[in-house]
Amino acid sequence: MSDVFREVDEDLRRERLKEAWNRYGLLLLVAAILIVVAVAVFVFLDSRSQQRAEAEGDRYYAALDLLRTGDAAAAETAFAAIAADGAGGYAVWGALNAATAMAAGGDTTRAVAAFDAVAADPSINGAIRDVARIRAGMLLADTATLDEIRDRLSPLSVAGDPFRPLALEIMALTAIRVGEYDTAIGWLVTLVGDANATAEAQARAQQLFSLILSRRGLTAATEAPVTLPGPPTVDLRTGGEAAPAFGADVPGIGAPTTDLRLGPATDPALVPLTPDFGLPPTLTPGALAPGATF
């Protein structure tokens, strides 16, 4: 008797499965086909995206090679093209390096305008816009008025801003150049007291402070409000040894050996910005030194 019941149950299950297939079989088949097609499309698009990223990277690094070998005009053209139609983050880095190429070619006015355009674009990451502000400030440190440099960089000199040490240093350099020594000392003291300032930045502040005292004919014992670190050993641009490397001629002290901004033809140029395959970089003040990659 149990065998009869089992056969009846199996027949009922088969009938139900047949009925379900007749009702939903076509839908299940279509769904399976759609899943296969979707996976194939995803793999294709991902492969194509990877190929485009590799092509963009090749184009970007070819432009970098032009800049590093001194062909500023060709580098500017190449980076401008990347800025116009580059994929992902390459467009932003192309715009920044196009400005760097302008500076390398001696066209400081256009370079500053290009950096300002990046800094004013609200669609760009805030840290990248700050890099553009710092670069423009470096280019103007030897020619702009103190008020102009202050207006440009004071927003970056607030406590906690990662670019505060660089902003303070550039403003202090400008103040020294125009003879506003008390103002420069105030910024240098603030720089030395900044917990985020590197030892190298503090050492450069000590050297600048000593230059001010030398210019005034004073001694550190009678004028220095704080005890500052020892002499600097690192150039702001190259990361190598420097003695000194401040980018501003202080009357009566002697010309510096390097230029904070772009320097003469014998000096290293501003470092081109190098993204990691178009991904947004982690930006730090130290990343601005020549030779750094993003």
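The values are calculated or read from the model by the stated rules, or taken from the named source; none is laboratory data. In this text the structure is predicted, and so the values were computed from the model without any measurement. Cβ: placed from backbone, ideal geometry, glycine included. Neighbour counts: every protein chain shown.
Checked against the criterion of being under 30 Å from Ala80 (Cβ atoms) and either outside any helix (DSSP H, G or I) or of a type in the set (S, T, N, Q) (or both), the range 194-208 has no qualifying residue. Within the option set Ala40, Ala53, being at pLDDT below 80 and under 20 Å from the mean Cα position of the chain (by Cα) holds for one residue only, Ala53.
Ala111 satisfies every condition listed in (1) closer than 30 Å to Gln50 by Cα; (2) assigned to a helix (DSSP H, G or I); (3) in contact with a Lys or Arg (Cβ under 9 Å, 6 or more places away or on another chain) except (1). Whether a residue is surrounded by fewer than 23 Cβ atoms within 10 Å (Cβ to Cβ), of a type in the set (D, E, K, R) and at pLDDT 90 or above was assessed, and Asp65 passes this test. Taken together, the criteria place Ala95 among residues that are over 30 Å from Ala195 (Cβ atoms) and either within 19 Å of the chain's Cα centre (by Cα) or among the aromatic types (Phe, Trp, Tyr) (or both).
Among the residues of the range 91-110, write down those that are farther than 21 Å from Leu140 by Cβ and surrounded by 23 or more Cβ atoms within 10 Å (Cβ to Cβ). Listed by number, the residues that qualify are Val92, Trp93, Gly94. The single condition among (1) over 21 Å from Trp93 (Cα atoms); (2) assigned to a helix (DSSP H, G or I); (3) at pLDDT below 95 that Ile128 does not satisfy is (1).
Sort out which residues of the range 141-150 are surrounded by fewer than 22 Cβ atoms within 10 Å (Cβ to Cβ) and either in a helix (DSSP H, G or I) or polar (S, T, N, Q) (or both), and write them in order of number. Within the range 141-150, Thr143, Thr145, Leu146, Asp147, Glu148, Arg150 meet the criteria. When Ser210, Ser154 are screened for being out of contact with any His (no Cβ under 8 Å at 6 or more places or on another chain) and over 27 Å from Thr100 (Cα atoms), only Ser210 passes.
When Arg133 is tested against (1) of a type in the set (D, E, K, R); (2) under 28 Å from Asp151 (Cα atoms); (3) assigned to a helix (DSSP H, G or I); (4) modelled with pLDDT under 95, just one condition goes unmet, and that condition is (4).
Conditions (1) closer than 22 Å to Leu139 by Cβ; (2) at pLDDT below 80; (3) buried (at least 21 other Cβ atoms within 10 Å of the Cβ), marked per residue:
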{"residue": "Arg152", "(1), (2), (3)": "yes, no, yes"}
{"residue": "Asp161", "(1), (2), (3)": "yes, no, no"}
{"residue": "Thr174", "(1), (2), (3)": "yes, no, yes"}
{"residue": "Arg177", "(1), (2), (3)": "yes, no, yes"}
{"residue": "Thr190", "(1), (2), (3)": "no, no, no"}
{"residue": "Phe209", "(1), (2), (3)": "no, no, yes"}
{"residue": "Gly247", "(1), (2), (3)": "yes, yes, yes"}
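Of the set (1) surrounded by 17 or more Cβ atoms within 10 Å (Cβ to Cβ); (2) not in a helix (DSSP H, G or I), all apply to Val118 but (2).
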